[in-house]
1. Give me the percent relative contact order of the chain, please, defined on Cα pairs under 8 angstrom at least 6 residues apart.
2. Can you list the residues of region 187-220 with backbone N under 18 Å from a point 7 Å past the Cα of residue 58, pointing along Cα to Cβ?
3. Once both labels are modelled 7 Å past Cα along the beta-carbon direction, what's the residue 130-residue 118 spacing in nm?
4. If we count other beta carbons within 10 Å of each Cβ, what is the order of 37, 187, fewest first?
5. Largest first and to the nearest Å, give the Cα extent of region 1-148 along each principal axis.
6. With respect to the cross-link table entries 37/144; 4/79; 21/223; 13/222; 13/64; 130/202, which display a Cα-Cα separation exceeding 18 Å?
7. For 48, 39, what's the fewest-to-most ordering of other Cβ within 10 Å of each Cβ?
8. Pull out the extension gain between residue 17 and residue 149, defined as 0.36 nm times the separation in residues minus the alpha carbon to alpha carbon distance; nm, one decimal.
Amino acid sequence: MNYKIIQNEEMLKEFINWLPKLQKNELFYVSLLARNKYSKEIKGDRASLKRFTSNKEMLLKKIKQLESEEGSYFQGDIKVPQEALALYIHPNPRDIERATKNSLIKFAQLITQKYNGYNPHQIVLSEIQKSSGKKYYIDFDFDKVDLDSTLEKIERFINLDALTILVTQGGFHILVELQKIEAKYEKNWYREIQNIEGCDVKGDNMIPIVGTTQGGFIPYFKKI
C-alpha cells in the first residue's frame, strides 16, 4: 500500500490551473510535511519529508511521485503515518535567479569555515524558498473563527472579487489577488484585514494544496 497524497485529482488540477503563470526565472516551491497536530507520533510541530521545485506543467506528475510505499517516509527512526501528511506550496513563485546568487554568497561564507555537516542541496532549496518572485497574492490565515462572519467584516475593506477562499483542516486562508484590488481600497486594506479577529499569519505564506491530503482533510476552494 502506498501513501495517498492526491485525494481529488480534479480539484488538484483546478488548483494548478489557478496558480499564476511563471516567468522564465521562476518556479513553484512545494513541501511535504509530517505534522504533530495531525499525528502525535511526530516530534515537534512539523517534519520536512520532501521538498522540491516545479513549473505548472510538471506539478501534477511531481506530486504523484510523492506517493511512495507507506512506511518509506521517516522522522528519525519513526515511520511517518498517512494521517500525519500535509502538502504545501507557495502560491507566489520563487525567483530562481535571486536564489542562485544568494546560494553562492552562502557557499562562499561556508567554505571559509570548517565543514559542519551542511548539505548543499538543502541550502539551495532553503534559499529558493526565501527568494520570492513576483507577488500575486497576500495570504491571511484565520483559525477558530467563522468564515461567513469574517467575510462580512472584510467586505468593508476590500472588493470581494479580489479574494480566493481556501478552507483547510483547522480554519481557512483568504488570499488577496493584488492586481484585482479596487483603487478605493488600496491604502488601508492590508492593515484592516490583519486586525480582524482570528487572523494568525499573514504575508507570503505557504498554503495547503487543494485536492491533496492535510491530516485526513481535503483542502478546497469555497466560492463567495
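1. Values: 419 pairs, mean separation 57.6, N = 224.
Normalised by residue count, the contact order of the chain is 26 percent.
2. none
3. 1.0
4. On the way: 37 13, 187 9.
If I rank by nearby Cβ atoms, fewest first, I get 187, 37.
5. 47, 39, 34
6. Numbers: 37/144 15 Å; 4/79 15 Å; 21/223 22 Å; 13/222 16 Å; 13/64 12 Å; 130/202 15 Å.
The pairs that break the limit, which is 18 Å between Cα atoms, are 21/223.
7. Values: 48 12, 39 17.
By the 10 Å Cβ count, ascending, the order reads 48, 39.
8. Working: separation 132, 0.36 × 132 = 47.52 nm, distance 2.90 nm.
So the chain would gain 44.6 nm between residue 17 and residue 149.
Since every read-out is calculated from the coordinates, none of them should be taken as a lab result. No experiment lies behind these values; they were computed from the predicted model shown. Heads up, the Cβs are rebuilt from the backbone with ideal geometry, glycines too, and the neighbour counts pull from every protein chain shown.
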